[in-house]
Amino acid sequence: MKSIAELEAIRQKTLERVAYRKDADSDIRVVVGMATCGIAAGARPVMLAFMDEIRKRNLQNVTVSQTGCIGMCRLEPMVDVIVPGQGKVTYVKLNPNMVPRIVTEHIVNGNPVLEYSIGASEDQ
Amino acid sequence: MDFYRAQVLCCGGTGCTSSGSGEIIKRFEEQIVKFGLDKEIKIVRTGCFGLCAAGPVVIVYPEGTFYSHVRVEDVDEIVSEHLLKGRIVKHLTYQDKERGEEQHLSLESIGFYQKQKRIVLRNCGVIDPENIDEYIAFDGYKALEKVLTSMKPAEVIQVVLDSGLRGRGGAGFPTGLKWKFAAASKGEQKYMVCNADEGDPGAFMDRSVLEGDPHAVLEAMTIAGFAVGATEGYIYVRAEYPIAVKRLEIAIKQAREYGLLGKNILGSGFDFDISIRLGAGAFVCGEETALMASIEGMRGEPRSKPPFPAVKGLFAMPTNINNVETFANIPQIIINGADWFRSIGTEKSTGTKVFALGGKINNTGLVEIPMGTKLREIIYDIGGGIPGGKKFKAVQTGGPSGGCIPAELLDIPIEYDTLTQIGSMMGSGGMIVMDEDNCMVDIARFFLDFTVDESCGKCTPCRIGTRRMLEILDRIVNGKGVEGDLEKLERLGRNIKATALCGLGQTAPNPVLSTIHYFRDEYEAHIRDKRCPAHHCQALLNFYITDKCRGCTACAKVCPADAITGVVKERHVIDTTKCIKCGSCVEKCRFGAIEKR
Ligand SMILES: Cc1cc2nc3c(=O)[nH]c(=O)nc-3n(C[C@H](O)[C@H](O)[C@H](O)COP(=O)(O)O)c2cc1C
Ligand code: FES
């Protein structure tokens, strides 16, 4: 038999999995460019690294989705991180090792990792 | 708990299952394994989304992309394009017929859903009905927790009374009042019964709730059991609903495992358990006294009331019986309060109502609207209007107990009392739309034919009276109606309504009386002019060859009655006295020259 506290635990735990069927607007979105160019440049390991990190840290309200080619294929793998109310940050030329920092600093703490972002890359 | 980046919700409702969603789900599961996506994408089988006309339906979250009419062959493309590469497969998405352009609209943005308010159906198409955890995640069993830990039975009843909830099974009796009677009644054992017999032709609201959100009904029955002091529950569901029965069985088993059914629920000391009883599909078994007789193992025949079930019901004990949809409202009312519920709908009809929209309408399916919504909004805004540019003629509500509502009354609000005033009724929620091609006499005949078939035969007015009415209608549609038939129908109808034993007989004349009231001229055309204005009644139609005829002789050759004569390359003629109206000539004619008039 389950107690009320146990039901609440099930509720919270399952909600993580089903929440975005409810309202997607409040979520932080990680959008990975996964067209042919992105995949060829290694977008899949990057996406899996994001998912891994999110799972490890048990983050709620983060969705990972994919998108097509944005037209800047030379900068792939590219990932947009969209925090509601803060706009979009586009990260470029990513590899899986860069992902944990983005998750910790940007998604968890709200500070975009500027040196990985498109602005920094294009200035060089 | 694993993190999935995307979830594919496949409809497992009856509509989509019969159009092949089982195969589609299987294919998705195979394909995501093939592409190595099975750790990141979850396939979920849900209940009905409501837009069965667009089925099989598949929704992909987080985008909420709505794929309609999905075929097994389409699955590979959705997996390799959308799930793997993140490109929505536009040509497979739902096309909003009203807007006439192809666009990948998300579920919430299409006209069909915008005017709806989903309380009863809130979880249908959203959760996996075979997974109790998903129900719990969407506030499931929270109402039961609240009731068992912080409320007294009388307080629960008061909330339901204050909410203004009325029975969704047909008669619209205030639910709180019913519970109050059952609670006040004394007996060594009390029972809680859920009426899931759903016998109206074309209605499938209750089935969808049971298939899409079975735990909501279990939770509500437990709450109601606590409120009235019942410890045993029965769900009476028709055997023709195999998916609903299976999901109920799974749900009951899971609820027992979690201690949400059985002894000492949530440590409160309250015991309650539920069993399923299968009905064999007789319409009259939906009537509460017949239903209880059937559960007891007797013939499903009604008895006269009083005594009401609250006093002497199942096994002669105090019993409360409610409809599936009525129950499905309860957890939400407990969680959000009576005032919240009253804020939806109208003064005397609070909350929402689910309708099964069918007939001559673009978006056939299941809709849930706030009470007080106008018929016009349902038919045009939600239903997407009449197909083929035809003219709306009437809408039938309340099934075999209801009546037809003509175009002039399309702006009335949908409420229990307004519908009764205009000679129809809310009923359980069937809504059949008719256009100019439907003959109203034939519609009335159709429903009466159904009640004559389903009459249990226990009382004379229903057994014999409805049959006499049907004979008169048969005569009229066959061109043998005589003056005075309408008056006879009206008198018989009134007498049956006044004297029949149960609701079946008491309402059976409604479809006839309401069509005579609003479409008397159509009846008169059949009787006096032997003409069917909708060109529907075969016996009253004649076939004519128009001047489009090129004299190819094909019709004359195919006519089995030798009724067509004519010379090659000249217009042919049909001898209407010989014509047997088989229609073979119409099929054969390549010039569309033969018309029915
Ligand atoms: C012939 C006949 C058929 C009925 N069929 C159903 C039915 O299929 N489902 C249902 O819930 N109520 C049906 N009813 C109404 C029930 O008798 C009863 O009023 C209802 O279950 C009460 O529940 P409610 O107060 O929640 O509406 C039927 C009544 C009659 C007279
Ligand atoms: S059965 Fe699938 S939408 Fe209704």
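We did not get these values from a lab; they are worked out from the coordinates using the rules stated. Note that this is a predicted model, so its numbers are computed, not measured. Cβ coordinates were reconstructed from backbone atoms using ideal geometry, including for glycine residues, and neighbour counts include every protein chain displayed.
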Cβ-derived FRET efficiency at R0 45 Å, B:Ala561 paired with B:Lys374, nearest 0.05: 0.35
Peptides ranked, highest mean first, by Cβ atoms within 10 Å: ranges B:407-414, B:361-368: B:361-368, B:407-414
Rounded if a/c under 1.5, otherwise prolate or oblate - the protein assembly as shown, Cα gyration tensor axes: oblate
Ellipticity estimate at 222 nm from DSSP helix runs (n ≥ 4, -39,500 (n - 2.57)) divided over the protein assembly as shown, nearest 500: -10000 deg cm²/dmol
Dipole magnitude (debye, nearest 20) for region B:286-331, charges at Cβ of Lys, Arg, Asp, Glu: 180
Relative contact order computed over chain B (Cα-Cα under 8 Å; 6+ residues apart), in percent: 11
Per-residue ³J(HN,Hα) for region B:396-405, Karplus 6.51 cos²θ - 1.76 cosθ + 1.60, θ = phi - 60°, Hz, x for Gly and Pro: 9, 10, x, x, x, 9, x, x, 9, 10
Exposure proxy ranking, count of Cβ atoms within 10 Å, fewest first, for B:Val57, B:Val568, B:Val79: B:Val568, B:Val79, B:Val57
Burial ordering of B:Ile516, B:Ile223, B:Ile88, B:Ile580, fewest other beta-carbon atoms within 10 Å first: B:Ile580, B:Ile88, B:Ile516, B:Ile223
Residue-by-residue Karplus 3J(HN,Hα) for region B:299-312, coefficients 6.51, -1.76, 1.60, Hz, glycine and proline x: 4, x, 10, x, 10, 7, 10, x, x, 7, x, 4, 9, 9
14 Å Cα-Cα reach of B:Lys548 towards aspartates and glutamates, excluding residues that sit fewer than 8 places from it in its own chain: B:Glu570, B:Glu595
Contour excess over end-to-end distance, with Cα ends at A:Glu6 and A:Lys56 and 0.36 nm allotted per residue: 15.8 nm
Shape category assigned to region B:1-52 from the gyration tensor of Cα positions, a/c cut at 1.5: oblate
Size of electric dipole in region B:542-596: Cβ of Lys, Arg +1 and of Asp, Glu -1, about Cα centre, debye, nearest 20: 140
Net charge dipole size for chain B [Lys, Arg +1 and Asp, Glu -1 on Cβ; Debye, nearest 20]: 1400
Cα-projected label distance for B:Lys253 with B:Phe173, points at 7 Å along beta-carbon direction, nm: 3.5
Two-decimal Rg to Rh for region B:6-110 - Kirkwood Rh, Cα set: 0.94
Region B:317-370 shape via C-alpha gyration tensor axes, a/c threshold 1.5: oblate
Estimated vicinal HN-Hα couplings, Hz - region B:422-437 in sequence order (Karplus 6.51, -1.76, 1.60; Gly, Pro = x): 8, x, 10, 7, 5, x, 8, x, x, 9, 10, 9, 10, 10, 4, 7
Globularity ratio of region B:334-466, using Cα Rg and 2.2 N^0.38 Å: 1.16
Helix runs (DSSP H) in chain B reaching 27 Å along axis by Cα, Kyte-Doolittle at least -1.0: none
Gained length - B:Ala498 relative to B:Asn542, 0.36 nm times residue gap less alpha-carbon distance: 11.8 nm
Inter-part distance where region B:113-174 and region B:197-275 are each reduced to a Cα centre, Å: 12
Cα Rg, Dmax (largest Cα-Cα span) when computed across region B:542-596, Å: 9.5, 25
Computed lengthening from B:Ser268 to B:Val33, 0.36 nm per intervening residue step minus Cα-Cα distance: 80.1 nm
Order of B:Ile330, B:Ile574, B:Ile382 under a 10 Å beta carbon neighbour criterion, fewest first: B:Ile574, B:Ile382, B:Ile330
Cα-Cα over 32 Å, subset of B:Lys253/B:Lys353; B:Lys186/B:Lys246; B:Lys178/B:Lys458; B:Lys26/B:Lys115; B:Lys360/B:Lys596; A:Lys2/B:Lys246: B:Lys186/B:Lys246; B:Lys26/B:Lys115
Positive-end residue, region B:481-553 charge dipole about Cα centroid, Cβ charges, pick of B:Thr553, B:Ser514, B:Gly493: B:Thr553
Of B:Val160, B:Val60, B:Ala539, farthest towards positive along the dipole that unit charges on Lys, Arg, Asp, Glu beta carbons give chain B: B:Ala539
B:Asn478 paired with B:Arg303, simple spin-label distance in nm, labels 7 Å along Cα-to-beta-carbon: 4.1
Exceeding the 23 Å Cα-Cα cut-off - candidates B:Lys34/B:Lys85; B:Lys530/B:Lys588; B:Lys348/B:Lys374; B:Lys117/B:Lys142: B:Lys530/B:Lys588
Relative contact order [Cα under 8 Å, 6+ residues apart], region B:132-341, whole percent: 31
B:Lys152 paired with B:Glu81, simple spin-label distance in nm, labels 7 Å along Cα-to-beta-carbon: 6.3
